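The values are calculated or read from the model by the stated rules, or taken from the named source; none is laboratory data. This structure is a prediction, so every number in the text was calculated from the model and none was measured. So basically every Cβ, Gly included, is an ideal-geometry build from the backbone, and we count neighbours across all protein chains shown. Each accessible area value is taken on the protein alone, full model and side chains, heavy atoms only, with ligands, DNA and RNA left out. Shrake-Rupley method; radii C 1.70, N 1.55, O 1.52, S 1.80 Å.
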Amino acid sequence: MASEPRDSGVSLSSFFTRCHLPIDARGQCDEFVTARFPGLDIRPAPFQGYCSYTLFVGGSTIVQFRPVEHCINIDIVREACAIFGALVPEVKLLGTMPDNNKLHVFCMRRLNGVSLTDFRASTRRQTDAAKLHRRQTVRDFAWFHSQAWKHARTKDQVQRMGTVGSTLQWRLEMVASSLPERFRRLTTRLLPALPSIDGLPWTLSHGDFLPSNILMDRQTGETSGLLDWAEAEWLPFGVGMYGLEELLGEARSGQFIYYPEADKLRSLFWSEIKSQIHELRGSPCQLRAVREAQLLGVLLWHAIAFDDGRLDRVVEEGTDDGEIQRLDTFLLNYKPGPKASVSIFRDLFLQAI
């Protein structure tokens with residue numbers, strides 16, 4: 001078993017407070033797991049998510065408590081396991097807490113590896129080894145999407161639309177009308193592209209592709225697992241590629257900064273995608289729609305505030321500065337200084353720059 005990651009800094013007490021649970025709720029959760037798994041070592045995971053309370057049970061099991069609004073869709077996880085194999089931890093519902101049915105209890109297989117967040121923290125950024133690992137992570141991300149493509153559905157075949165997939169037009173219209181002016185030339189030009197995006201194959205998207213949810217082998221740099229599938233849903237192919245930008249740099253002192261080789265890594269990703277998905281290699285129009293879908297994904301995940309899962313408010317300067325800074329970087333490739341940089345989506349909307 002790989003060495004455990006460092007503490008995430010997320011307060012356990014704040015989770016129980018946010019869920020309006022009684023003061024002894026954490027103790028009740030611990031007792032539930034102790035009774036269910038007698039004789040095994042049980043301890044809080046050193047990383048804790050915003051929407052759950054997680055315990056390690058022995059060396060191979062995780063038990064997680066989630067409020068109903070942040071429950072894991074077992075059917076979606078089952079589909080993810082079929083598509084992505086060992087990258088996805090199998091999940092079972094153990095039930096609800098006996099005295100508090102607000103909390104649902106899930107059991108899942110513990111995956112090997114160290115989170116990308118912790119790997120970055122323990123590695124010098126500009127070593128040759130670090131650069132090779134970043135290339136491997138980008139290749140794995142391309143493989144992930146090529147696997148999703150192989151199991152794609154038409155929109156009509158998606159039996160149950162998720163929170164985002166069922167409201168794409170409403171969300172884009174909200175973003176286009178409310179983001180700061182400097183972003184609107186891009187967002188308003190994306191609206192006419194929505195039918196083309198909607199007509200792409202629909203694939204299973206992870207929904208919360210962050211470095212803390214990516215496990216990797218410390219020696220090889222290969223991706224060994226993807227955690228937290230609670231936000232997963234079927235979306236047009238390419239929307240989930242918003243996560244690519246998170247692989248091309250990292251936050252330092254609260255500011256997201258691209259790696260020096262970010263452009264080469266981005267080119268590597270698209271080269272891999274076209275190599276693995278032959279249909280895109282021969283269809284410039286469809287590839288353009290995928291690029292537009294990626295832009296839509298960046299907007300859906302960074303221009304709409306989480307607000308405890310409500311997802312109904314556009315981010316604002318002065319309130320959501322972390323997301324605004326990412327939008328400046330991802331959409332406008334903004335860098336402080338006298339010369340303004342152009343958008344990474346410049347070839348999609350030349351008149352928007």
Give region 116-161 a look and list any residue that's modelled with pLDDT under 95, open to solvent by less than 50 Å² (accessible area, probe 1.4 Å) and out of contact with any helix residue (DSSP H, G or I) (no Cβ under 8 Å at 6 or more places or on another chain), or say none. Asp118, Thr127, Ala130
Could you please tell me which pairs satisfy a Cβ distance under 8 Å, a separation of 6+ or placement on different chains, a first residue in region 245-263 that is farther than 19 Å from Asp140 by Cβ, and a second residue that is open to solvent by 40 Å² or more (accessible area, probe 1.4 Å) and polar (S, T, N, Q)? Pro260/Gln126
In region 178-201, residues that are in contact with a helix residue (DSSP H, G or I) (Cβ under 8 Å, 6 or more places away or on another chain) and more than 19 Å from Val290 (Cα to Cα) total 6
Residue by residue through region 222-232, note down the ones that are in contact with a Ser or Thr (Cβ under 9 Å, 6 or more places away or on another chain) and either buried (at least 19 other Cβ atoms within 10 Å of the Cβ) or of a type in the set (Val, Ile, Thr) (or both). Thr223, Leu227, Asp228, Ala230, Glu231, Ala232
Which ranges mark the strands (runs of 3 or more DSSP E) fully within region 6-88 that have 2 or more residues being modelled with pLDDT of 95 or more and loosely packed, with under 13 Cβ neighbours inside 10 Å? none
Residues of region 261-311 being crowded, with 17+ Cβ neighbours inside 10 Å and part of a loop (DSSP other than H, G, I, E, B), which ones? Ile277, Ala303
Please specify each residue of region 217-238 satisfying the condition of being of a type outside the set (Gly, Ala, Ser) and farther than 26 Å from Ile74 by Cβ. Asp217, Arg218, Gln219, Thr220, Glu222
Matching residues in region 201-223 - criterion: being closer than 20 Å to Lys150 by Cα and outside any loop (DSSP other than H, G, I, E, B): Trp202, Thr203, Leu204, Ser205, Thr223
Would you mind stating whether Asn101 is assigned to a strand (DSSP E or B) and at pLDDT below 95? yes
Looking only at region 193-221, count how many residues are modelled with pLDDT of 95 or more and open to solvent by 20 Å² or more (accessible area, probe 1.4 Å). 5
Output the residue which, of all residues in region 163-183 that are more than 18 Å from Glu316 (Cα to Cα) and among the aliphatic types (A, V, I, L, M), is farthest from the chain's Cα centre (by Cα). Leu168
Take the residues of region 312-353 that are open to solvent by 20 Å² or more (accessible area, probe 1.4 Å), of a type in the set (S, T, N, Q) and at pLDDT 90 or above: which is nearest to Val68 (Cα to Cα)? Thr319
Odd one out for Cys107 among (1) at pLDDT 95 or above; (2) within 24 Å of Trp202 (Cβ to Cβ); (3) buried (at least 16 other Cβ atoms within 10 Å of the Cβ): (2)
Can you tell me which of Leu186, Leu235 is open to solvent by less than 60 Å² (accessible area, probe 1.4 Å) and modelled with pLDDT of 95 or more? Leu235
Being in a strand (DSSP E or B), closer than 25 Å to Ala86 by Cα and of a type in the set (D, E, K, R) is the filter here; which residues of region 224-260 pass it? Glu233
Arg153 meets each of (1) out of contact with any strand residue (DSSP E or B) (no Cβ under 8 Å at 6 or more places or on another chain); (2) more than 23 Å from Leu248 (Cβ to Cβ); (3) touching a residue at least 24 places away in the same chain (Cβ under 8 Å) with one exception, condition (1)
